[in-house]
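Taking it in order: structure first as structure tokens, then the write-up.
The values are calculated or read from the model by the stated rules, or taken from the named source; none is laboratory data. The shown structure was predicted, so the numbers you read here are calculated from the model rather than taken from an experiment. Ligands, DNA and RNA are excluded from the accessible area calculation, which covers all protein heavy atoms including side chains. Shrake-Rupley method; radii C 1.70, N 1.55, O 1.52, S 1.80 Å.
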Amino acid sequence: MTLAVHWRKSSFSGGGEGNSCVEVAHLDTHISVRDSKAPARSTLTFPAPAFVTFLDALKAPMPSAGAVGCLPG
């Protein structure tokens, strides 16, 4: 038996037909990701906590170039 998967497209998918992005599907314990331009191709699946960590890292402010790897004094 195959379960129906609800794919959701990002609100940042751009203009036109809005197919310039990825789509995500929330499964019980995992998140699946696919290319919206080629939905029949393979998907990537991640444990939900790992995907949340990834999204949090994307939202974090970027350090300035001078601060990377620098120690005071």
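Assorted remarks:
- Sorting 8, 41 on solvent-accessible area from highest to lowest, probe radius 1.4 Å, gives 41, 8.
- Ranking 6, 30 by solvent-accessible area of protein heavy atoms (1.4 Å probe, all protein chains present), from largest to smallest, gives 6, 30.
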